[in-house]
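Peer 1: Below are the structure tokens for one structure; questions will follow.
Throughout, read-outs are computed from the coordinates displayed, never taken from laboratory work. This one's a predicted model, so the numbers in the text were calculated from it and none came from an experiment. Here Cβ is always computed from backbone atoms with ideal geometry, including for glycine, and neighbour counts include all displayed protein chains.
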């Protein structure tokens with residue numbers, strides 16, 4: 001039996017991580033992700049785990065990689081500038097197939113930007129931030145309860161696919177207090193931790209360059225390098241429909257317009273849909289739970305029959321391009337400055353589209 | 001065949017199907033030989049348990065030294081070997097964690113981690129292979145390159161004074177610091193043995209030859225044996241680190257203080273006394 005509790009998003013994230021079996025945390029203080037570190041420092045040792053405040057974010061992600069390889073599920077949490085510093089480490093974990101949870105509590109950028117204000121400006125950095133060709137899983141929770149569960153899902157996905165998974169939330173959700181249900185032990189599925197395989201009396205070889213199944217460097221062999229890289233890409237790309245999820249509401253009457261959003265912006269989007277419905281407009285609601293890999297097929301099926309998708313988001317218009325690539329007529333509602341898109345704003349834009 | 005090859009190398013290397021990437025005359029292969037001999041002697045003399053050995057490497061030629069070995073090996077990003085090694089040591093405090101890194105990796109791009117790893121006294125054993133420049137990328141200036149030396153990125157002479165890794169480590173409170181030079185086999189092997197048995201952070205700097213770049217450009221000698229002779233000429237045994245026209249070699253410090261992993265685990269145990277975590 002679990003229990004109900006009022007908690008801040010950051011605490012829900014930390015408790016979700018500990019529930020998922022995370023026992024190693026390394027991080028550097030940064031607004032607005034500092035609360036995650038503080039709750040971890042408090043709670044993780046009591047769960048038998050280790051918390052380290054590192055000298056910088058480079059040390060944080062690389063220590064987490066070491067801990068994950070050697071024994072324990074590990075994670076890091078940061079925000080914009082720290083997330084940029086961690087990008088090389090993310091690529092390293094992808095290439096060496098190290099399960100890892102990476103949390104980015106988004107603030108406004110670029111550079112030091114807006115430390116205390118929320119944004120969704122890192123959605124492309126989460127997807128494309130590290131160098132080289134790769135695929136990555138990125139989850140976007142919409143409220144504190146979902147922050148708890150998606151943290152566990154992220155850890156499970158990282159173990160199942162042996163790859164780092166990014167949990168992309170925003171200052172708003174991380175600092176929001178909501179009532180959530182915390183499941184009891186064994187109530188929610190948790191996968192065991194995967195460490196690198198050894199062979200006979202020979203230990204593992206974790207090679208940071210492209211390598212074959214034994215770990216040997218194949219970086220100078222075009223054929224073997226391509227094979228190694230395609231395998232890493234395909235293990236995600238070929239499983240998009242298993243990995244990626246969306247939430248769809250108000251679709252039964254086949255609306256011609258959908259409002260599609262994610263994270264905290266989706267709350268305004270849903271409020272706008274409800275207002276429009278109340279005034280007699282047929283408008284559907286779509287929320288991305290998984291941002292990457294982008295769930296093309298699922299979205300295509302969900303908005304079948306719709307002519308237009310309106311996409312409110314707290315950046316200059318990023319995810320809207322993915323909808324455009326699906327051949328849909330899109331209306332971007334970009335919002336910069338640190339305030340959420342208001343339901344009224346979205347309402348009036350959609351009303352303009354419909355008339 | 002030397003039985004050490006069969007006992008310590010991965011099958012592909014032992015059977016000659018794979019080779020190391022080192023240039024002829026490089027010091028890296030010699031250091032690999034010292035490392036294997038040190039472990040073998042320790043196993044016979046002290047019953048050293050090498051089953052819990054993790055080796056983490058940086059990027060650069062020296063990062064390839066342990067690859068042929070049967071042990072658990074992590075090839076980390078450039079400069080980050082100490083961070084990865086700290087993660088390993090914290091979650092497996094009973095394991096032996098060795099880092100192989102070059103001078104550019106450890107002192108330049110990874111310099112910050114070196115400072116903090118020593119400050120924390122993480123029980124990691126670092127073998128720093130110093131060839132006085134960046135060898136893998138083709139002979140560029142490093143923090144250890146002598147002033148005025150010609151390299152591919154200092155064609156008019158190095159404008160920067162070199163860094164003494166051992167002096168830095170001693171000043172930060174490292175509990176074992178030694179510097180030897182590749183031609184002194186006995187001292188190198190003995191020092192690796194001391195390093196492996198040491199409790200707490202240990203640094204062994206090994207001056208090594210890179211005939212292709214350091215030999216030809218920095219020193220002006222390309223014969224490996226002559227570079228080793230040159231090394232013996234410019235080094236002098238002392239108990240104090242110094243890195244100038246004369247470079248001092250020897251053991252500079254060897255003492256003990258509480259290690260990071262010991263302190264960390266006592267914190268975990270103390271936190272749990274106040275009651276275990278409840279969901």
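Peer 1: Once you place label points 7 Å from the Cα toward the Cβ at residue A:219 and residue B:2, how far apart are they in nm?
Peer 2: With each label point 7 Å from Cα toward Cβ, the separation is 2.7 nm.
Peer 1: Expressed as cubic angstrom per residue, what is the convex hull volume of the alpha carbon set of the stretch A:109-231? Numbers along the way, then the final one.
Peer 2: On the way: hull volume 18.2 nm³, N = 123.
Here the figure is 148 Å³ per residue.
Peer 1: Peptide A:205-212: average number of partner chain Cβ atoms within 10 Å per residue?
Peer 2: Working: counts 12, 8, 4, 10, 2, 0, 1, 0.
Mean partner shielding for this stretch: 5.
Peer 1: Over the whole of B:91-98, what's the average partner chain Cβ count within 10 Å per residue? Rounded to a whole number, please. Spell out each step's value before the answer.
Peer 2: Details: counts 13, 5, 1, 0, 2, 0, 2, 0.
Rounded to a whole number, the mean comes out at 3.
Peer 1: Between residue B:50 and residue B:257, what is the label-point separation in nm under the 7 Å Cα-to-beta-carbon projection?
Peer 2: Here the modelled spin labels are 3.2 nm apart.
Peer 1: How high is the relative contact order of chain B, in percent, counting Cα pairs under 8 Å that sit 6 or more residues apart? Working shown, then result.
Peer 2: Numbers: 556 pairs, mean separation 47.0, N = 279.
Averaging sequence separation for qualifying contacts and normalising by length gives 17 percent for chain B.
Peer 1: Separate question: Arrange A:223, A:146 by Cβ neighbour counts within 10 Å, fewest through most, would you?
Peer 2: By the 10 Å Cβ count, ascending: A:223, A:146.
Peer 1: Figure the gain on full extension for residue A:282 and residue A:131 (residue separation times 0.36 nm, minus the Cα-Cα span) and round it to one decimal in nm. Spell out each step's value before the answer.
Peer 2: Details: separation 151, 0.36 × 151 = 54.36 nm, distance 4.31 nm.
Fully extending the segment from residue A:282 to residue A:131 adds 50.0 nm.
Peer 1: Roughly how tilted is helix B:27-46, in degrees to the nearest 10 and between 0 and 90, from the longest Cα axis of chain B?
Peer 2: 40
Peer 1: Please express the Cα-Cα pair-distance distribution P(r) of the stretch A:245-354 as a list of whole percents, one per 10 Å bin, running from 0 to the bin with the greatest distance.
Peer 2: That works out to 16, 55, 28, 2, in percent per bin.
Peer 1: On to the next question. Counting other beta carbons within 10 Å of each Cβ, put B:83, B:238 in order, fewest first. Present the calculation step by step, with values, prior to reporting the outcome.
Peer 2: On the way: B:83 32, B:238 15.
Sorted ascending by nearby Cβ count, the order is B:238, B:83.
Peer 1: I'd like the Kirkwood hydrodynamic radius of the stretch A:187-292, using the inverse of the mean 1/r over distinct C-alpha pairs, in Å. It would help to have the intermediate numbers written out before the result.
Peer 2: Numbers: mean 1/r = 0.0549 Å⁻¹.
About 18.2 Å, per the Kirkwood formula over Cα pairs.
Peer 1: Hey, another quick one. How big is D, in µm² s⁻¹, for the stretch B:120-279 by Stokes-Einstein at 25 °C and 0.890 mPa s if Rh is the Kirkwood radius over C-alpha pairs? Walk me through the numbers before you get to the answer.
Peer 2: On the way: Rh = 17.4 Å.
In µm²/s, the coefficient is 141.
Peer 1: Right, another one. Starting from the Cα gyration tensor of the protein assembly as shown, take the square roots of the eigenvalues, sort them a ≥ b ≥ c, and report rounded, prolate or oblate (rounded when a/c is under 1.5, otherwise prolate if a/b is larger than b/c, else oblate).
Peer 2: Values: a/c = 2.29, a/b = 2.00, b/c = 1.15.
Verdict is prolate for the protein assembly as shown.
Peer 1: Looking at chain A only, what percent of DSSP beta bridges run antiparallel? Nearest 5 please.
Peer 2: Numbers: 16 of 52 bridges.
Expressed as a percentage, antiparallel bridges in chain A total about 30.
Peer 1: Using 0.36 nm per residue of separation minus the Cα-Cα distance, give me the extension gain between residue A:252 and residue A:116 in nm, one decimal. Each step should come with its number before you reach the end.
Peer 2: Numbers: separation 136, 0.36 × 136 = 48.96 nm, distance 3.99 nm.
Between residue A:252 and residue A:116, full extension yields 45.0 nm more.
Peer 1: How much space per residue, in cubic angstrom, does the convex hull of the C-alpha atoms of the stretch A:3-182 take up? Please report the intermediate quantities before stating the final value.
Peer 2: On the way: hull volume 17.0 nm³, N = 180.
Roughly 94 Å³ of hull volume per residue.
Peer 1: Reported to two decimal places, what Rg/Rh ratio describes chain A when computed on Cα atoms with Rh from the Kirkwood expression? Let's see the in-between values first.
Peer 2: Working: Rg = 20.5 Å, Rh = 20.9 Å.
My calculation puts Rg/Rh at 0.98.
Peer 1: Just to confirm the number: angle between the C-alpha axis of helix A:144-161 and the first principal axis of chain A, 0 to 90 degrees, nearest 10?
Peer 2: 40
Peer 1: Please give the helix B:81-91 orientation as an angle from the longest Cα principal axis of chain B, in degrees from 0 to 90, rounded to the nearest 10.
Peer 2: The two axes meet at around 20 degrees.
Peer 1: Modelling each spin label as a point 7 Å along the Cα-to-Cβ direction, I'd like the residue B:115/residue B:186 distance in nm, to one decimal.
Peer 2: That separation, rounded to one decimal, is 4.0 nm.
Peer 1: Over all residues in A:192-203, what is the mean tally of Cβ atoms on other chains that come within 10 Å of each residue's Cβ? Could you put the intermediate results ahead of the total?
Peer 2: Values: counts 0, 0, 0, 1, 3, 0, 2, 3, 2, 5, 9, 11.
Mean partner shielding for this stretch: 3.
Peer 1: Something else: Starting with the fewest neighbours, write out B:116, A:131, A:211, A:92 ranked by other beta-carbon atoms found within 10 Å of each beta-carbon.
Peer 2: Values: B:116 17, A:131 9, A:211 20, A:92 24.
So the ranking, lowest neighbour count to highest, is A:131, B:116, A:211, A:92.
Peer 1: Here's a follow-up. Between residue A:229 and residue B:237, what FRET efficiency follows from the Cβ-Cβ distance if R0 is 41 Å, with the result rounded to 0.05? Don't skip to the answer; put the middle values down first.
Peer 2: Details: r = 50 Å, r/R0 = 1.22.
The value I calculate is 0.25.
Peer 1: Quick one: length gained pulling residue B:265 to residue B:246 fully straight, 0.36 nm per residue minus the C-alpha distance? Walk me through the numbers before you get to the answer.
Peer 2: Working: separation 19, 0.36 × 19 = 6.84 nm, distance 4.30 nm.
Length difference between fully extended and current span is 2.5 nm.
Peer 1: Compute the label zone of residue A:124 within the stretch A:64-92: residues whose backbone N is under 16 Å from the point 7 Å along Cα-to-Cβ.
Peer 2: A:84
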